[in-house]
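Taking it in order: structure first as structure tokens, then the write-up.
A short reminder: the numbers here are calculations on the coordinates, not readings from a lab. Small disclaimer: the values here were computed from a predicted structure and weren't measured. Ideal geometry is used to build each Cβ from the backbone, glycine not excepted, and the neighbour counts take in all protein chains shown.
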Amino acid sequence: MSYKYFIYCLFFTFIFSCKNEVSLTKIEGSRIEINDSLSTDTEIEEFIKPFRDHVNKNLDSIISYSSDTYSKTNGDLNTAIGNLMADAVLQECNPVFNSRTGKNIDVVLLNHGGIRSILSKGNVTTRTAYQIMPFENSVVVTELLGKDIKDLISYLQKAKRAHPISGLKIKVDKDYNLLEATISNKPIEEETIYYVATNDYLYSGGDRMTFFKQSLNTHILNYKIRNVLIDYFKKSDTLNPKIDDRFTKLN
């Protein structure tokens, strides 16, 4: 009898649970606009004010001076601001890399799209570095054979864009056929290992830079490009970058 009773209980439990099943039939949403009409919570505002003031004081501290206004659109195959960024990575990161490996960085390659703001004429602050490089990208140094460096150069030929480079010099004809390419003003040797500094986004294939897949080894410096810029700015009383001959096209 107890066994039958148990079966009945299970049966009726199942029936009633099915009848009382709750299901989602409709979803509604509304847009809440955040603007100046929202009232300020005085207590919260007073709590965060010291922190905000401290951050703004640090961000607005003057660390250098820019002799002109520089934009990534001012130049075809190399720009003054792009050259500044690539040279800053070489100058600031090479001592770190050398102290760890005994080797030197040969080439720097960044991406044109990573420059997110102009460098305005006048005082340069810590905030300037955050505006130019708001991302959390860090520098990595990868080991590439000379034959893979040629794939890197081929990428730049096809891109026809002012991706920031340093240490590498490229000359192409009017149809972007390669005429000459050197590293530290020396011909590129296919079986020689070259140390290329870039950011972790590009190393992972960002902007379709797939040639980094050929890397023999990678060194993570744990050095954000934004911090590279800040350190570089602090060491430079006046910033006066130039468009030069590191990537040129003959007409």
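Tell me, please, whether a residue that is surrounded by fewer than 18 Cβ atoms within 10 Å (Cβ to Cβ), small (Gly, Ala, Ser) and over 30 Å from residue 120 (Cβ atoms) can be found in the range 167-183. No; the residues of the range 167-183 include none that is surrounded by fewer than 18 Cβ atoms within 10 Å (Cβ to Cβ), small (Gly, Ala, Ser) and over 30 Å from residue 120 (Cβ atoms). With respect to residue 83, is the statement that it is crowded, with 17+ Cβ neighbours inside 10 Å and of a type outside the set (Ser, Thr, Tyr) true? So residue 83 passes the test. Being farther than 20 Å from residue 213 by Cβ and among the polar types (S, T, N, Q) is the filter; apply it to the range 112-144 and report the residue that is surrounded by the most Cβ atoms within 10 Å (Cβ to Cβ). Among residues in the range 112-144 that are farther than 20 Å from residue 213 by Cβ and among the polar types (S, T, N, Q), the one surrounded by the most Cβ atoms within 10 Å (Cβ to Cβ) is 128.
Looking at the range 227-237, can you tell me whether even one residue there is surrounded by fewer than 13 Cβ atoms within 10 Å (Cβ to Cβ), more than 27 Å from residue 64 (Cβ to Cβ) and either of a type in the set (S, T, N, Q) or over 16 Å from the mean Cα position of the chain (by Cα) (or both)? So far as the range 227-237 goes, no, none of its residues is surrounded by fewer than 13 Cβ atoms within 10 Å (Cβ to Cβ), more than 27 Å from residue 64 (Cβ to Cβ) and either of a type in the set (S, T, N, Q) or over 16 Å from the mean Cα position of the chain (by Cα) (or both).
Taking residue 167, is it over 30 Å from residue 60 (Cβ atoms) and out of contact with any Asp or Glu (no Cβ under 9 Å at 6 or more places or on another chain)? No, not satisfied.
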